[in-house]
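Undergrad: Structure in structure tokens, see below.
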Amino acid sequence: MSSFVRDNLASPTVSVAAIYRFVGLAAAILATFLLFPGDIGLKTHAVLHGLCAQRPSHSLSIGGNILPLDARMTGIYLGAATTGVWLLAAGRLRASGGLSRSTIVVLALFVTAMMLDGLNALLVDLEVPHPYQPSNMLRLITGILAGSVLGIAVVHLLAISLWSRGHRRQATVSRPAELIMPLVVSGALGGMALSGLPILFAPFAIGSVLATVAVFWTLGVVLLALVSNRVGGYQTTREVAPLASIALVVTIVIIGALAGARFIAEQQFGLPELT
């Protein structure tokens, strides 16, 4: 795999056609998924079956249909995707400077909030004393908080892994106040999901798949840059296109393989259906 990536990415000069090929590949994959026979709910559940427990009691219902990710993971990928898009719009994809102490403390609190809520839910499952009754709203909220941390981490990894001319004096997030906007947008989207309006099911179900693929794809780009020994070897977005295409294919294969493995395990070993 490493030699294949190295051979295909060795040249620093890449034509604009590489970007068109990547966009065409992404569009073809999305079109194949959307046009493939079957209900949107069933297809999205199948795709994400290997990445989430998909417990109905822990998941949000929109118009009587269960989202393919449970409430906490819905929040995580919603927060990560929203934060990533905000950082893109803010021109932070090349920002590789260190975060301030205050920002690190706030982000640590976000992750801690999700961990504590998850621990409380575990205590409930174990039927032992617990501080409060879990709810999907809290799972969603704490997931969004942790997801924003994930989004920042992924973008920061991209910046330090790809660019030879990164903005080393600029942090991915300069101060905690900058987190307000993506959190407000994530919260608004989360509120829409909690509304349960039937018309919102398809957008949120498909959005869950897209956000999940985007996070794994971005991490794949970072890992392939390491494998191909091209860390810090890119100057323009155009040069990253071949790497991005390979990472997208690898991401789809891995997510599909994980889903298939779980389906096979359920059939072969008769795993009980989660509630």
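The values are calculated or read from the model by the stated rules, or taken from the named source; none is laboratory data. Quick caveat, the model's predicted, so the values are computed rather than measured. Here the Cβ is made from the backbone with ideal geometry for all residues, glycine too, and neighbour counts use every protein chain on show.
Undergrad: Is at least one residue of segment 230-253 closer than 25 Å to residue 100 by Cα, buried (at least 19 other Cβ atoms within 10 Å of the Cβ), modelled with pLDDT of 95 or more and touching a helix residue (DSSP H, G or I) at 6+ places or on another chain (Cβ under 9 Å)?
TA: no
Undergrad: Is there a residue in segment 176-191 that is modelled with pLDDT of 95 or more, surrounded by fewer than 23 Cβ atoms within 10 Å (Cβ to Cβ) and over 22 Å from the mean Cα position of the chain (by Cα)?
TA: Checked segment 176-191: at least one residue is modelled with pLDDT of 95 or more, surrounded by fewer than 23 Cβ atoms within 10 Å (Cβ to Cβ) and over 22 Å from the mean Cα position of the chain (by Cα).
Undergrad: Run down 71, 95, 108, 46 and say which single residue is free of Cβ contacts under 8 Å to residues at least 24 places away in the same chain and under 21 Å from the mean Cα position of the chain (by Cα).
TA: Within the list 71, 95, 108, 46, the selection yields 108.
Undergrad: Can you tell me which residue among 249, 240, 222 is under 30 Å from residue 140 (Cβ atoms) and assigned to a helix (DSSP H, G or I)? Can you show your working first?
TA: Numbers: 249 fails: under 30 Å from residue 140 (Cβ atoms); 240 fails: under 30 Å from residue 140 (Cβ atoms).
Criteria check complete, one pass: 222.
Table: residues versus (1) crowded, with 20+ Cβ neighbours inside 10 Å; (2) of a type in the set (Gly, Ala, Ser); (3) within 21 Å of residue 54 (Cα to Cα).
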position	(1), (2), (3)
137	no, no, yes
142	yes, no, yes
155	yes, no, no
228	yes, yes, no
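Undergrad: With hydrophobic (A, V, I, L, M, F, W, C) and in contact (Cβ under 8 Å) with a residue 60 or more places away in the chain as the only criterion, which of 223, 189 stands out? Step through it out loud before you land on a result.
TA: Numbers: 223 fails: in contact (Cβ under 8 Å) with a residue 60 or more places away in the chain.
Answer to the check: 189.
Undergrad: Can you confirm whether residue 249 is closer than 21 Å to residue 17 by Cα and in contact with a strand residue (DSSP E or B) (Cβ under 7 Å, 6 or more places away or on another chain)?
TA: In short, no.
Undergrad: Let me ask something else about it. Report, by residue number, each residue of segment 86-117 that is surrounded by fewer than 16 Cβ atoms within 10 Å (Cβ to Cβ) and assigned to a helix (DSSP H, G or I).
TA: 88, 89, 101, 102, 104, 105, 108, 109, 111, 112, 115, 116
Undergrad: Does segment 156-167 include one or more residues that are within 30 Å of residue 226 (Cα to Cα) and part of a strand (DSSP E or B)?
TA: Looking for residues that are within 30 Å of residue 226 (Cα to Cα) and part of a strand (DSSP E or B), one finds at least one in segment 156-167, hence yes.
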